[in-house]
Amino acid sequence: MSEVRFYFDFSSPYGYLAAERMEEFESRVGVKVIWRPFMIGAAFKQTGQSPLLEQPIRGDYFRHDMERCARAQNTPFCIPQNFPYSALMPTRAFYWLESRSPALARKFAKDIYRGYFADGLDMSNPENVLAAATRHSINPGEMRAAVEEQRWKSHTRDITDEAIEMGAFGSPFFFYEGEPFFGNDRIDPLEQWIKLHKSRNDS
């Protein structure tokens, strides 16, 4: 089965909206989606970009667009008070969980996103991240210890470097057979590209 690499930051509104679509996309298109959270701040340092809502003129538009896109796909959404935040803990926790169960890591990721963008929880607070773990019968003490392990600190840094080297400058960012697609609004063109690619290979 062919793969799509899905790079996202847990502080990204459009990443959240894309995450809510990934399971249905994966099933419909017949691809395996590899979830790869990364630290978008590192990419911003290289591009000189600032968080969307802090950008003059563009910020008001993007706030409106985020809310509009959420309504269009019937996804609960609000801009949290502490937007954006540095999502180091949930990102490290994701990879620790993925080493045990990729399916559980995905569920955890969606819970973190929904807690932040649907319920307005402060996910920079470790206790809220650990509460998400508890809801999935994950030992919070084990998670608290894991996110401080050098292994997962280094892994998060390596994935972030990988994303930037591949050309990911925002969230969500998708790669299929080396072809890049940026944004929640590029999921449909991504699907079309995959189908075209498969039809050419089958002919």
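Structure notes:
- Qualifying positions in the stretch 19-32 - within 18 Å of the chain's Cα centre (by Cα), of a type in the set (A, V, I, L, M, F, W, C) and either loosely packed, with under 11 Cβ neighbours inside 10 Å or over 19 Å from I112 (Cα atoms) (or both): F25, V31
- Each residue in the stretch 112-168 was checked for being closer than 17 Å to S101 by Cα and among the aromatic types (F, W, Y), and 1 pass.
- Residue in the stretch 159-182 that is in a loop (DSSP other than H, G, I, E, B), touching a Ser or Thr at 6+ places or on another chain (Cβ under 6 Å) and crowded, with 19+ Cβ neighbours inside 10 Å present: yes
- Where a residue in the stretch 78-103 is on the phi < 0 side of the Ramachandran plot and open to solvent by 40 Å² or more (accessible area, probe 1.4 Å) and its partner, wherever it lies, is charged (D, E, K, R) and part of a loop (DSSP other than H, G, I, E, B), with Cβ under 7 Å and at least six apart: N82/D122
- Residue list for the stretch 1-57, restricted to those being of a type in the set (S, T, N, Q) and free of Cβ contacts under 8 Å to residues at least 24 places away in the same chain: S27, S50, Q55
- Any hit, the stretch 194-202, residues being of a type in the set (D, E, K, R), more than 18 Å from L17 (Cβ to Cβ), assigned to a helix (DSSP H, G or I) and touching a helix residue (DSSP H, G or I) at 6+ places or on another chain (Cβ under 6 Å): no
- For F62, the stated conditions do not hold, so it cannot be described as touching a Cys at 6+ places or on another chain (Cβ under 7 Å), open to solvent by less than 50 Å² (accessible area, probe 1.4 Å) and not acidic (D, E).
- Residue check: W35 meets all listed conditions (1) of a type outside the set (K, R); (2) open to solvent by 20 Å² or more (accessible area, probe 1.4 Å); (3) not in a helix (DSSP H, G or I) but one, namely (2).
The values are calculated or read from the model by the stated rules, or taken from the named source; none is laboratory data. Fair warning: this is a prediction, and the values are worked out from it, not measured in the lab. Glycine gets a Cβ as well: all are built from the backbone with ideal geometry, and neighbour counts include every protein chain shown. The area values use the complete protein model at the heavy-atom level, side chains included, leaving out ligands, DNA and RNA. Shrake-Rupley method; radii C 1.70, N 1.55, O 1.52, S 1.80 Å.
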